[in-house]
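Visitor: Following this message is one structure expressed as C-alpha cells.
The values are calculated or read from the model by the stated rules, or taken from the named source; none is laboratory data. Owing to the predicted nature of the structure, the values given are computational and were not obtained by experimental measurement. When we count neighbours, we look across all protein chains shown, and the Cβ atoms used for this are built from the backbone with ideal geometry, even at glycine. All accessible areas refer to the heavy atoms of the entire protein, side chains included, with ligands and DNA or RNA removed. Shrake-Rupley method; radii C 1.70, N 1.55, O 1.52, S 1.80 Å.
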Amino acid sequence: MTDTVPQPSSFTSQPDAGGHFGEFGGSFVPEVLSYPLQELRDAYEEVKTDPAFQQELSALLKDFVGRPTPLYFARRMTEHLGGAKIYFKREDLCHTGAHKINNSLGQVLLAKRMGKTRIIAETGAGQHGVATATVSAMFGLECVVYMGEVDMERQALNVYRMRRLGAKVVGVTAGQRTLKDAISEAMRDWVTNVDNTHYIIGSALGAHPYPMMVRDFQSVIGREAREQILQQEGRLPDHLVACVGGGSNAIGLFYPFLDDADVGMTGVEAGGLGSGLGEHAARFNGGTLGVLQGTKTYVLQNEEGQISLTHSVSAGLDYAAVGPEHAWLRQLGRVDYSWIEDQEAVDALGALSRLEGILPALESAHAVAYAMRLAPEWEKDKVMIVNCSGRGDKDVQELAAWEERQRNAII
C-alpha cells in the first residue's frame, strides 16, 4: 500500500458524483449518451431507497431466482488438500445457472420504471445473455443480445437457450469477435435507440452508473455469504476468492466484507496461455491505465494505446479491461489480484467435479484453482469462501475441444 494513495474512511463508500473510484471510473462516452446515462443515474438513485422497488426485487430473487443460494462446505476437497476449510457460495444454483441474473433482474425492473420497452445486452460466455433473455421474456419485453462469433461457437448451448427464450442473438464479426466487440456493437445500438431501449450491461464496468449499479445488485452474494458463514462457523471467513473478468461476481462477494480488516480477498484473472501480450486477459499483469468503453481503468493495450488481443479458455474472462472499482481496491491494497492459466483452470474444474460432484463454469474454475493453491498452505482452522459463480454445462463442448487439442499436441 503506497503512502501517496489517500485512504478512505470506509472501503464501502460510494463513488464521487462523476462516478470515480479514486482516479478510476468516470463516464467517457459520446455526447449522445450523456442524457440517457443521466436519466439512468437519476432513476437508479430513486429506486435505491424506494421500498416498493426493493420489495419487488427481493421477492423475485427469492421466488424466481431461488435465493438465498447455499454456502456449501466442500468436505472432500478440504480433506484432499489438507489445509483450510473451503466453502463454495453456490451461485451456479441460481435460475439460469449463474450470478448474472441478480443484475439482469434488477436492471429490467429499473427499465420498466423508466418506461423502456426494448432491452439490449452483450454477452461473452452467454450467461448474461441467457439471464437477460430470461427476465425480458418474464416481463414481455423485446430483447436483442450481441455476441462475438467466436464466443457463439464455443458457447453454442447458450446461444440456443437465448433464442428459445425469445431473444434475437446478433453475431458480431468485427475485431476479435469476442466480448469487447459485442459491447461495442451494443453501445452502437443504444446510441441509435435510446428513447425506448435500455442497455443491461452484464458486469461492473462501463460508464457511470453501471459499475456502482451492477455492484449493488450483485452484493446480495456477499450479504448472504456473510450471514451464512456466521451461522455455520460462528465467525467471519479468513479469505474470499472469486474470478474477475469485468468483475461483477467478485465485487458482489467482496463488497459486504470490505470494511472487515481481517478478511483477506483475492480476485483471479485469466492467465490464458502465458504472460505475453495477446496470450492472456490478466489486466493487472501487463495492463496499463487507459479508457475503454466508457471507463478509466487498467487495460491491455500496446504502446500506441491500441487495445490488445486477449485470450482465455473461458469466454467470460476474455476481456481487455477490468471494472474500475477493482482497479481502485487494488491500488488501495485492500484486495489482492492474481491469475490462473488455462490448463490449471481446466484441471481445477476436473478436481471439483470429481471430489464434490460440482461441475463449475470455466470462469469459476479459475477461482477454484487459486483456492487449491492457497488452502494447503494454511492451518486447518482457517476458513475460505470461494464464489462458484456459474455452472459448467455451457462449457462441455469447449472442454471436449480442449481435450482433443491436448491429445493431438501429445501425438
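Visitor: If you average 1/r across every pair of different Cα atoms in the stretch 172-255 and take the reciprocal, what Kirkwood value do you get, in Å? Walk me through the intermediate numbers first.
Guide: Working: mean 1/r = 0.0673 Å⁻¹.
After inverting the pairwise mean of 1/r, the radius is 14.9 Å.
Visitor: Rounding to the nearest 20 debye, state how big the charge dipole of the stretch 271-383 is about its Cα centre with +1 on each Lys and Arg Cβ and -1 on each Asp and Glu Cβ. Working shown, then result.
Guide: On the way: 8 positive and 15 negative charges, 64 e Å.
With Lys and Arg at +1 and Asp and Glu at -1, about 300 debye.
Visitor: Of all accessible surface on the chain at a 1.4 Å probe, what whole percent is carbon and sulfur?
Guide: 50 percent
Visitor: Next up: Hey, any idea what Rg/Rh is for the stretch 222-320, computing Rh the Kirkwood way over Cα pairs?
Guide: 1.08
Visitor: Here is a further query. Report relative contact order for the stretch 62-174 in percent, whole number only (criteria: Cα-Cα under 8 Å, sequence separation at least 6). Let's see the in-between values first.
Guide: Values: 165 pairs, mean separation 21.7, N = 113.
Reported relative contact order: 19 percent.
Visitor: Would you mind getting me the FRET efficiency between Thr117 and Ala156? Use the beta-carbon distance for r and R0 = 35 Å, nearest 0.05.
Guide: Rounded to the nearest 0.05, the efficiency is 0.75.
Visitor: Right, another one. Using DSSP loop states and a limit of at most 14 other Cβ atoms within 10 Å to flag trypsin sites (Lys or Arg not before Pro), what is the longest stretch of the chain containing no flagged site?
Guide: In the chain, the maximal stretch lacking such sites is 1-234.
Visitor: Same structure again: Determine Rg/Rh for the stretch 150-299; Rg is computed over alpha-carbon atoms and Rh is the Kirkwood hydrodynamic estimate from the same atoms.
Guide: 1.01
Visitor: Using the Cα atoms as the points, what is the convex hull volume per residue of the stretch 1-114 in Å³?
Guide: Taking only Cα atoms, the stretch 1-114 has a hull volume of 197 Å³ per residue.
Visitor: Then there's this: Work out the length of the dipole vector of the stretch 37-128 about its Cα centre, built from +1 on the beta-carbon of each Lys and Arg and -1 on the beta-carbon of each Asp and Glu, and round it to the nearest 20 debye.
Guide: Dipole about the Cα centre, nearest 20: 340 debye.
Visitor: Using Cα pairs closer than 8 Å and at least 6 residues apart in sequence, work out the relative contact order for the chain, in percent.
Guide: Once divided by the residue count of the chain, the mean separation gives 21 percent.
Visitor: Using the heavy atoms of the protein chains and a 1.4 angstrom probe, tell me the accessible area per residue for the stretch 15-153 in square angstrom.
Guide: Averaged over the residues of the stretch 15-153, the accessible area is 38 Å².
Visitor: Round to the nearest 0.05 the FRET efficiency obtained for Arg76 and Glu142 when R0 = 41 Å and r is the Cβ-Cβ distance.
Guide: Values: r = 46 Å, r/R0 = 1.12.
Once the sixth-power term is evaluated, E becomes 0.35.
Visitor: Of (1) 27.3; (2) 19.5; (3) 21.5, which is the value of mean projected area of the Cα convex hull in nm² derived from the coordinates here?
Guide: Checking each listed value against the structure points to (2).
Visitor: Given the convex hull over the Cα atoms of the stretch 276-396, what projected area results after averaging over all orientations, in nm²?
Guide: Value for the stretch 276-396: 8.7 nm².
Visitor: Can you list the GluC sites (Glu not before Pro) in the stretch 295-358 that are in a DSSP coil and have 14 or fewer other beta carbons within 10 angstrom?
Guide: Glu303, Glu304
Visitor: Quick check for me: using +1 on Lys/Arg Cβ and -1 on Asp/Glu Cβ, what's the dipole size of the chain about its Cα centre, in debye to the nearest 20? Before the final figure, lay out the partial values.
Guide: On the way: 38 positive and 52 negative charges, 204 e Å.
Dipole about the Cα centre, nearest 20: 980 debye.
Visitor: Given 0.36 nm per residue, what is the gain on full extension from Asp381 to Thr173 after removing their alpha carbon distance, in nm?
Guide: Extra length available between Asp381 and Thr173 comes to 69.8 nm.
Visitor: Still on this structure, please answer the following. When we measure straight from the Cα of Lys394, which lysines land under 28 angstrom away, once same-chain ones fewer than 8 places off are left out?
Guide: Cross-link targets: Lys62, Lys89, Lys100, Lys168, Lys180.
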